[in-house]
Each structure stands twice: as C-alpha cells, then as structure tokens.
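**Q** This is the structure I want to talk about, given as structure tokens.
The values are calculated or read from the model by the stated rules, or taken from the named source; none is laboratory data. Keep in mind that this is a model prediction, so the values were computed, not measured. Quick reminder, even Gly has a Cβ in these numbers, built from the backbone with ideal geometry, and neighbours come from all protein chains shown. The protein model used for the area step is the full one, side chains on, heavy atoms only, and it has no ligands, DNA or RNA in it. Shrake-Rupley method; radii C 1.70, N 1.55, O 1.52, S 1.80 Å.
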Amino acid sequence: MNFSEIFKQSNQLCRISPDGRYLATCVQYRLVVRDVNSLQILHLYTCLDQIVHMEWSSDSLFILCAMYKRGLVQVWSLEQPDWHCKIDEGSIGLVSSRWSPDGRHILNTTEFHLRVTVWSLCTKAVSYIKYPKACQKGIDFSRDGSYMALAERRDCKDYVSVFVCEDWHLLRHFETETQDLAGLEWSPNGCVLAVWDSCLEYKVLLYSLDGRLLSSFSAYEWSLGIKSLAWSPSSQFLAIGSFDEKVRILNHITWKKITEFEHPATIYPALAGLGLMCVSTGPLTLYQTHNEISQPPFQIPVVKPDLDRANPKVGVSSLAFSADGRYLATKNDNMASVVWVWNMQKMSLEAVLEQTAAVRCFQWDPRRPRLALCTGTPRLYLWSPAGSVSVQVPSEGGFQVHALSWHSNGDSLVLIGKEHLCLCYMDTEDKSTDSNIWTK
Amino acid sequence: MGDWSMTSPLGVSMENSEISSISRVTLSSSRQNHDSLYSSSLPLSKSSHNVLSAFCIEENVPQCILYINQELSSLGLASMCIATPVEATLNSVPALNAMYELLQAQRRSQRSLEALEQDLLRTSSTLEHLQTGNYRLKDQLELLKREKSGLHEKERQLQLKIETLQSCLKSEKEEIQKLQNIIAGRASQYSHDAKRKERECVKLKERLGQLLIDKRDKKLAIDVLNYLGRSDGKRIQWKTGKAGTSHEGDMYKSLLNDYEARQQSLMVENSELKKVLQQMKRDMMYILSPHKPCAKASPGDDSPERGFPPAGLEGQDEVGECSRENLDQSCEKAREQLTYSIRLQWRRLKNHMEKLDSQVSLAQTQQQSGSEEAVPREVHEEEMQRMRLEVQQGKDFIHTQQQLLQKQLNSSFDDETAALLNDCYTLEEKERLKEEWRLFEEQKGNFERERKNFTEAAIRLGHEKKTFEEDRAAWLKNQFLNLTPFVDRKKYSLSDSQSALSIRSEPELQQSYTPAKLTKSSTYNEFSTTYSSISDGLPSTTELYRTLHLIQPETRHSKRGSWQEPSSPIRAENLFGKSKCSVRCRDPCILSLDKDGDSPI
C-alpha cells in the first residue's frame, strides 16, 4: 500500500472524474485538476469566490463550481481551458446545484425551494420547475440517466413528477400517499421508485415508473420511523434503516419483508459465525493485519441517546451494499464506533468492526467486496471477507482522515482530511505480500 | 330427739351417764326408731371417749347379742342362728360363721377399697395429664389465635394496599387516557397549524416568485462562451407531441424489458426447480421400486427390507410417467396432478419408511434372545439385584440405628407422657419412612424400566443403522451414477458416516459403565448409580433422534448447496457492472429457495 504526498484542499472538495483519469480539488477560489496517476497539475481555474460545491459532469469534460452565497455557478471545460460559463441566479438565491445526467444541463435549486431552474448549456435555454419540496432527498436521477424524479408539494399534498431527462418532458405526475415525503430513490434498474415518509411515520411506498403504486410497507406506528434507505445493486433488495435500530430487507417480488437485522449491544454466538475486529490504534506499525478477533459473546459500547432532543442519535443512519450485492454495511448511531457487515446470502451477521473512535465515513470498493472506513484518526481501516487491515497514514503533521472515496477502478482511494488530502494506492500487482488477503 | 330430751333428765339423775345411756337403749328397744337411736348414740359414744369402746360387757350380753343379731339380719347374714330371740344366748357356731363371713367381707371391702384408691390415683394422674394437655392446647390455641389475628391484620393491610394500588392504577389509566386525548388534540392542532403555515408559506413563495419575475431580474443570466453540442452528438429537437408519445413508448419499453427480464429469471428458476423436482421424483421412485429386482437377483441377502411387497409399483410407474409428461406441459391442470402425484409418492415413501422401521424392530426382537448384547444385560440385572439387596440391608441398618437412638433419647425423659409421645413420634417416623421407601421402590422400578428401554432402543438403533447404511450406500451409488445436481449430498453422507461411527462406539460405552457401577455399589449410594446409568444411556437417545430426523438435515444440506452454487457467478459477473441481467436472473432463485412461500411454482 502506497501513499501519495499530501495536498491542500478546502471544504473537503476533492472528486475523481467519472472516467477515473483526473482528480479535481478546490483550494479556496481555485480549482485544481490533476492527473490521477502522476498527480501533476493539468489545469488550474480561478473562480469568483470561495467554492462551496464542485461536481464533475458525467462525461468528465466539465466541472461545475457553485458559490451559493453569491448565487453563482461557474462551469469549466477540460478540453477547452478558455471556455467559460457563468450562471447567475440573481437575487432569488441558490442552495443547491447539480448536473443533469447528460452533462449538458445544470439544475439549480433556489432559496426557499421556490423553484428548480434548468439551464441548458447547449441552447442557453432556461426552464423552471415549480413547487419542489424541501426535503432530505427531493431529486433523484435514474441510474441510466434517462429519468428524473422530483418531489413536489402543492396544497399540502405530496406529489412526484417524473421527467424525461432528454428534453425535460413531464412523463408522469402523481400524488403520493405520504404525510410528509422525506425522500425518493430510483431502483438501480430504473423501474421502481421508492418513496419514504418523514421520520414521524414509518412508511415506504414503491411506485412503478408509470406511476402505479406497487406496494407500501410500514413496520410499525407511532415511534420515529425511517432514517435511511438503500437499494441493492441488483435491485432485488431494499434495505430500510430506522430509528428502532433495525434494518429491514424487502424483496422485489412481493415487496414484503424478508428479514430484519437487529443491532444488539451484546452479541451471542447464536448470531452465526463471525469474528469481531477490535482495531486498536496502539502500535505505530504500518500494517496491522488481523487485528484482534474476539469470539462472541461480547459487548459493544453503547451511547445512550438523548431522546428528548430532536433527531436523537439512535437508529441506523447509513446503509451501503457492496458492489456485488453480497454484503451490507450498516452503522447504528448510538453505537457510533461500530460498523456492522451483514451477509446478504445467508441473511446473517458477517462481522462487527469495532473501532476505538466513532466511525466518520465508510465506503465499499466499487469493484470488490472491500470496505474502507475512517474514524477521524490518522488511520485507514479496510475490511474484506478474508480479513482486515488498519494502516497508518504516513505524515508529519498528523493527517486525520475525515472522509474517503474510492477510485472507480478500486485501485486507489482518496483520503480527505480537514484541509488536506492524499491518495492511497492499493498494490494490486504485488500479490506476494500483504494484499494476498484480498484474493483469498 | 324427743327421746333424747326425755332421757336427758333421767341421765342427770343417774350417777353414771354411760350406763344410763345404755339402759335407755335397752328401754327403748322399739325397732322403729332404732336407726335414729343408733345414729344418735354414735356421736354420743364418740364424745364419751374410750369407755364405750368395749361394746359388750357382762351386763348387756343379751342386748348385745340381740343387737348383733339384728345387725346381722339387717346385713343379710344368717342372724337367726346366733341367738334365739327369746333366750338371747350366744350360739357359738353360727356366730363364728358370721364372724368369719364378716371378716371375709371386711377383707373384700378392704381390697376393693384399695383398688378404688388406686383407681382414684390413676384417674387423678390422667386428669392431671389431661389438664396439662389441655393447658398446652389452650396455649397453642391462644398462639394460633394470635397468629390468626396477625395474619388477618396483614391480610387487611394487603387488601388496603391492593385497594390503594388499584385506585392508583385507575387514576393512572385515567391520566393516560387524558394524555392520549391531549396528544391527539395536539397532533390535530399541530397538523392544522402546519397546514395553515404551509399555505401561507406557499402564498409567500408565490408572491416572491411573482415579484422576482416582475422585477425582471437583470442579474439572472447565463454567460456562455459558445454553445456546446449534446453529449450524444445529436441536434436539439423541438418539443412536439410526437416526442411525448415516443417517451411514453420508451417508458413502457423499459418497463416491459424489466418485466421480461424478471419473467425470464422466474422461468429459469422454475425450470431449475422442475429439474430438481424431477430428480427427486426419480430418486424417490428408485428408492421405492428397484428393490424388487435386487431381491430377485440376490435371494441370499438376508436383509428383511428387501422383501418389500411390490404391490403398487406398476401404478406408481404409471403415475411417474404421466407426471413427467405433465412437467413438460407446465399448465394449471398439470400442476394439480403434479402435486397430487408428489403427495401420493411421498405418502408411499413414508409408508415404506415406516414399514422398514417396523421390520427392523421385528428383526431386533427376534435377534434379541440369541444376541451377544443380551449377556451384559443379564450381568447388569444380577448386579442390580445384588445392589438392591445391599441397599436394603443398609437401609435396615440405618433404620435400626435410628430406632435405637430414638429409644436412648426417649429414656432421658422421665415423664411417662413424654415416652408416650415419643412412641407416637417413632411410629409416625416409621410410617413416613415406609412411605418414602415405597416411593423409592417405585422410582427404582421406573429407572429400571427406563434403562431397559434405552438398551433396547440402542440395540434396535444399531440394526436400523446398519440397514440404513446399506440403503443409503445403494442410493448414493445410484445418485453418483446419475450425476445429480445435488453434488453436495456427498458431503452430507460423509458427515452422516461420522455419526454412524459414533453410534457404533456405543456398546463400548455400555461396557465401560458396568465396572464404574461396580465400584460405586460399595458406597451404598443408590441415586448416583441410577443417574450414572441414565447419563450413560443419554447419548444413545440423541443418536436415536438424530437418526430419526435423518431426512430433515439432508434437505437442508441440499438447500445450502444450491445456495452456494449460484452465488459464485454473481461475484464473477457483477464485477463488470454491465451484466445486470444475469445477476437478476440468478439472484431470485436464491431468494425463492430461501423463502419457500415466495417461490412461484
């Protein structure tokens, strides 16, 4: 495992282009584009203000930089460095900006969610979509980029509009049976839209692309409901994490619950064969394979949440399926230092990864069943079915990893600190040494 | 008394009052008032001290005789003979006789008196005893009364507590109701307010948007150096109705594609399941039928299950044939027939199994008499008998010792009653012990019976096992030859052979525990030996159960196997994200194998 030198960044804005060739980072006003392999600066753009949001277009040819305070969006081209584009939303304000899947349109959400402005870079045309709903996840594009679902709120009722992204034609518009819609997400095959209610009510609605209600699911009433939701890559499972510290898995044929994963504070041997990994930050060796594998039963540190407060720190807040859909990683908020890995074939607990500090971020390798996680310490933790590794990031100033993101080929990893970043390369050629645990 | 008052002046005139009194007696010898006279003379004689102790003196002999005669006659003795009333002389023989009789009477009365006195004493002592008993009972009664009143008090307090708690509960319930009402009220109020606010917000937004549009915001602009081409290279099209319909078409096409893919995957799964079903049917048929030629080919084979009556075999084959045809048809009607035939065959298989079981047990009983395993059992029996005897002896010994001890303890009490009571206690103890002993005997009998059952079961199991092994070997061979999709059944058979090994080691176990029992018998501990025998018998039961549930783990194993199989292609294929289709068609079969309810057959 190799590490690059450390670069500066601000606002944790570092993105690898979708084709995997470039790394864009923002440093205050500047946007720096590097080659991923050589890390040499290819382009340097200067924006009008400090960049708050940055995004690659899907074809990796353009970069969008948003400056929300000034209501400005600037777009840069990699092919033509002198080409420039500036979109000014004016006094109406800007809270969110994103590319459309075709990379030729920009969708800006104005302040107070007054409207969504669709700017075309091809024709300079502007279109407005009224009544967008301010919620957790109000816009979602289908994975093939052909449809966009938008949550709307009119007359105190929730609606979903499905647009064709090609020409922003409104394909379907239907009312949803939600009290207060909190989010929507397309299934990876783009045929089913999952819509869920706000945390006051546990309700998931599944709509077909043509607006038919396929099914609705509610696990319980009265207490706080859904906290997170994730589709499996094959679209056959829908995992729902909720405030009751459980994950429920729905199937794609009957849309009924197959199983539910609990997150108990004490793990008994009955929960299938698993090894607990206590990753300690003690010795400062570079590699630490097979840290501590304890046998059940064992206790997991639990922080008692303050239930009187709004948004209590309890329940499953993040869910992620591995790229092959075999594993599901979850994090329960009142056990912040633990990541749970579930086996989706056996529908059982595979591993419990206990860290010494609260887990900040975890992400699956886009190619292999390999999980990377960070805890805000100068260490990177990796888990795969064969074992686990923790690696110290070599740096003088104590580089603390706050976030991470994988390269699309799964060979390298961007580690993002507070104001710095560095790349971590997995040694794929050198199979004789440490990396052989991945190929087992 | 009149007489007395009459004579008293007379007595005064006389110089000797004693004489006068006698003379008076003689004078007034009227028979009527004789008793009163006598009674009145007695106190007089007492008061006149010793002079009158001499009853008879020279002067009053005839009177005396008369008197005695009278007395005797009154007592019912032969008074007449003592003296003739006329002469008043003593006739010595009857007088002596009378005297003798009197003496006898006296003696008798003395004796009876003594007896009576003793009786009195005894009764007084018993009275005393009863009284003390009474006192004690009274004390006890008092105590119990006090206890009762205490309990009453406690009960009352508890009642009170219950009442208060109930009232508390009631009030809490009311409170809850109230709170629920409040919550509901608040919720409705909140939702109402939220709606109102939202409406206001919408209104404001509308106004804001209007204002912004009216203002003709100069700043709102896009500044592009030159226009870009579309990412797909096409030219921009005008929005037309045609485009809308084409979008609809596209949408439906994608939906249709999805459904088709799903149907395809279900079809694949279905066909796989059908294959499995067919395989199963074939196996089942094989298990049920081919023993017939086997038995013909090898008549020397002594296993009894080979002679399974081939009664419904032809019909069975027919059913199998038609169901195979039905499988290919795969329509609604066929399904019904299919399930029927499967059920039929399953029932047949079950019957067959049961028959096998019964045959095995029959063979067992036949073999039991001459089997080598019966010998150690007899040894056991003897051992048991001996042990029981020893235990009995020990028990008796203990019992006598206890009795002696009790006696010794009792002797320390002087009190008769205490002894009595102790006697009672010992009796009671004896009763109790007898009861215990009976229970004990009963338990022992149970244990014995259980042990017998266990050993029998173990023997039967061994035989069953052997036949099973043979059966399975044949089956496996056949399966191997058929190259079935259940590749991992082999794995199962391997594990099963291990369990068979463990069963075979059972007779060794049994033999090993006999010496252990011998050593234990010297400690006079019956329980430990019986328990040990039970615990030694236990593994045989678990084995028994395991073998009885043979079919269940097998099916599970085969499920597991088919689980694993499709999983590997997923990983391989899905690494290159585009092969979603194959993933989709592979994954559902995993799902439906896991959840039987979801499988659409």
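**Q** In whole angstrom, how far apart do the alpha carbon centroids of the stretch B:175-196 and the stretch A:344-383 sit?
**A** If we compute the Cα centre of each part, the gap is 43 Å.
**Q** Using alpha-carbon pairs under 8 Å, 6+ residues apart, how would you state the relative contact order of chain A in percent? The partial results should precede the final answer.
**A** On the way: 1114 pairs, mean separation 42.5, N = 440.
Across chain A, relative contact order equals 10 percent.
**Q** Could I ask something else about it? Peptides B:123-129, A:387-393, B:388-394: what's the order by average Cβ count within 10 Å, highest mean first?
**A** A:387-393, B:388-394, B:123-129
**Q** Turning to a different aspect of this structure: Find how many whole Å separate the alpha carbon centroid of the stretch A:20-76 from the alpha carbon centroid of the stretch A:118-165.
**A** 25
**Q** Buried accessible area between B and A (1.4 Å probe, both chains summed, ligands and nucleic acids excluded), in Å² to the nearest 100?
**A** Separately minus together, B and A give about 5500 Å² buried.
**Q** Applying a 10 Å radius around every beta-carbon, put A:146-152, A:341-347, B:352-358 in order of their mean neighbour count, most first. Could you put the intermediate results ahead of the total?
**A** Numbers: A:146-152: 23.1, A:341-347: 19.9, B:352-358: 13.9.
Ranked by mean Cβ neighbours within 10 Å, highest first: A:146-152, A:341-347, B:352-358.
**Q** Could you tell me what percent of the accessible area of chain A is made up of carbon and sulfur, with a 1.4 Å probe and every protein chain present?
**A** The value for chain A is 49 percent carbon and sulfur by accessible area.
**Q** Check A:Tyr327: other-chain or 5+ apart residues with amide H under 5 Å from its amide H, H built from backbone geometry?
**A** A:Ser322, A:Met344
**Q** Compute the accessible area per residue over chain A, keeping the other protein chains in place, probe 1.4 Å, unit Å².
**A** Working: 17050 Å² over 440 residues.
Heavy-atom SASA per residue in chain A reads 39 Å².
**Q** Continuing with this model, one more query. So which residue, out of A:Glu185, A:Glu177, A:Glu221, gets the largest mean-square fluctuation from a GNM of chain A using Cα contacts under 10 Å as springs?
**A** A:Glu221
**Q** Which cross-chain or sequence-distant (5 or more) residues have an amide H under 5 Å from the amide H of A:Leu349, H modelled 1.01 Å from N in plane?
**A** For A:Leu349, whose amide H was placed from the backbone, the distant partners under 5 Å are A:Asn343.
**Q** Sticking with this one: What FRET efficiency would be calculated for the residue pair B:Glu469, A:Lys137, taking the C-beta separation as r and a Förster radius of 51 Å, to the nearest 0.05?
**A** So the FRET efficiency works out to roughly 0.25.
**Q** Something else: Taking amide hydrogens as modeled 1.01 Å from N in the peptide plane, which residues meet the under 5 Å criterion relative to A:Gln400, leaving out close sequence neighbours?
**A** Excluding prolines and chain starts, which carry no amide H, the hits are A:Lys418.
**Q** For the stretch A:168-181, in order, what is each residue's ³J(HN,Hα) by Karplus, 6.51 cos²θ - 1.76 cosθ + 1.60 with θ = phi - 60°, in whole Hz (x at glycine and Pro)?
**A** My calculation for the stretch A:168-181 gives 6, 7, 6, 7, 9, 9, 9, 7, 9, 8, 10, 6, 8, 4 Hz in order.
**Q** Could you derive backbone 3J(HN,Hα) for the stretch B:250-264 from the dihedral phi with the Karplus parameters 6.51, -1.76 and 1.60 (θ = phi - 60°), listing whole Hz in sequence and x where the residue is Gly or Pro?
**A** These are the phi-based 3J(HN,Hα) values: 4, 4, 5, 4, 5, 4, 4, 4, 4, 5, 5, 4, 5, 4, 4 Hz.
**Q** Based on the alpha-carbon gyration tensor of the stretch A:69-225 and its eigenvalue square roots a ≥ b ≥ c, which shape applies: rounded if a/c is under 1.5, prolate if not and a/b is larger than b/c, or oblate?
**A** Judged from the Cα gyration tensor, the stretch A:69-225 comes out prolate (a/c at least 1.5, a/b above b/c).
**Q** While we're on this one: Defining a contact as two alpha carbons under 8 Å apart and six or more residues distant in sequence, what relative contact order in percent does the stretch A:96-229 show?
**A** 14
**Q** Shifting gears a bit: Considering Cα pairs under 8 angstrom that are at least six residues apart, work out the relative contact order of the stretch A:312-428 and quote it in whole percent.
**A** Details: 270 pairs, mean separation 18.4, N = 117.
It comes to 16 percent, rounded to a whole number.
**Q** Separation between the B:Arg438 and B:Ser149 pseudo-spin-labels, each 7 Å from Cα along Cα→Cβ, expressed in nm?
**A** Label at B:Arg438, label at B:Ser149, 4.2 nm between them.
**Q** Go through the stretch A:388-394 residue by residue and turn each phi into a ³J(HN,Hα) via Karplus (6.51, -1.76, 1.60, θ = phi - 60°); whole Hz please, and just put x for glycine and proline.
**A** Each residue's phi maps through the Karplus curve to give 9, 9, 10, 10, 7, 7, x Hz.
**Q** In addition: Take the residue pairs A:Lys157/B:Lys195; A:Lys227/B:Lys205; A:Lys8/A:Lys418 and return only those whose Cα atoms are more than 21 Å apart.
**A** The pairs that break the limit, which is 21 Å between Cα atoms, are A:Lys227/B:Lys205.
**Q** Just give the residues from the stretch A:91-107 buried by at least 40 square angstrom of accessible area in the all-chains context relative to the isolated chain, probe 1.4 Å, and say none if nothing qualifies.
**A** SASA drop of 40 Å² or more in the stretch A:91-107: A:Ser91, A:Arg104.
**Q** If a/c stays under 1.5 just call it rounded; otherwise compare a/b with b/c (prolate if a/b is bigger, oblate if not). Do that for chain A, with a ≥ b ≥ c from the square roots of the Cα gyration tensor eigenvalues.
**A** Because a/c hits 1.5 or more and a/b fails to exceed b/c, chain A counts as oblate.
**Q** Which trypsin sites (Lys or Arg not before Pro) in the stretch A:153-243 pass both tests, a DSSP loop state and at most 11 other beta-carbon atoms within 10 Å?
**A** Of the trypsin sites (Lys or Arg not before Pro), the ones in loops of the stretch A:153-243 whose Cβ has at most 11 other Cβ atoms within 10 Å are A:Arg212.
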